[in-house]
Amino acid sequence: NQLNGTIPTELGQLSNLIHLRMAENRLEGQLPSELGHMHRLQTLAVSANSLTGTIPSIIAELVSLRNLQLYNNSFYGTLS
């Protein structure tokens, strides 16, 4: 893909989505906290983009999440 721009907050409304793969694109900006509303999400792959900022703490509440790929971005801060 060659997706560019920011990740739309509206993706958080896709509550039945299981796999979200947007790795190796030209996405920028922050990871929207609204993604934390995707309770069935098992895969979140956004590696190799130009994402910045902190990783929203609500991501830790995704109890179905099995595969989290965030590498090769510019995230900072701590995870708790």
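Odds and ends about this structure:
- Placing +1 on the Cβ of every Lys and Arg and -1 on the Cβ of every Asp and Glu, with nothing else charged, gives the chain a dipole about its Cα centre of roughly 200 debye.
- The calculated FRET efficiency for Leu65 paired with Glu10, based on their beta-carbon distance and R0 = 25 Å, is about 0.80.
- Positive-end residue of Thr6, Met38, Ser64, charge dipole of the chain with Cβ unit charges: Ser64
- Taking amide hydrogens as placed 1.01 Å from N in the peptide plane, the amide H of Gly29 sits under 5 Å from those of Thr52, each at least 5 positions away in sequence or on another chain.
- Under 5 Å between amide hydrogens, built in the peptide plane, is the criterion, and for Asn72 it picks out Ala48 among residues at least 5 positions away or on other chains.
- In order through region 51-66: 3J(HN,Hα) via Karplus (6.51 cos²θ - 1.76 cosθ + 1.60), integer Hz, x for Gly, Pro: 6, 9, x, 8, 7, x, 5, 5, 4, 5, 8, 7, 5, 8, 5, 10
- Annotation: average projected area of the chain is 4.6 square nanometres, based on the convex hull of Cα atoms across all directions.
- A simple spin-label model places the labels of Thr52 and Glu24 2.6 nm from each other, with each point 7 Å out along Cα-to-Cβ.
- The phi torsions of region 4-21, fed into the Karplus equation with coefficients 6.51, -1.76 and 1.60 and a -60° offset, translate into couplings of 9, x, 9, 7, x, 5, 5, 4, x, 7, 7, 5, 9, 5, 9, 10, 10, 10 Hz, rounded to whole numbers, with Gly and Pro shown as x.
No lab work stands behind these numbers, since they all come straight from the coordinates. Predicted model only: the values in this text are computed from it and were never measured. Positions of Cβ are generated from backbone atoms using ideal geometry, with glycine treated the same way; all protein chains shown enter the neighbour counts.
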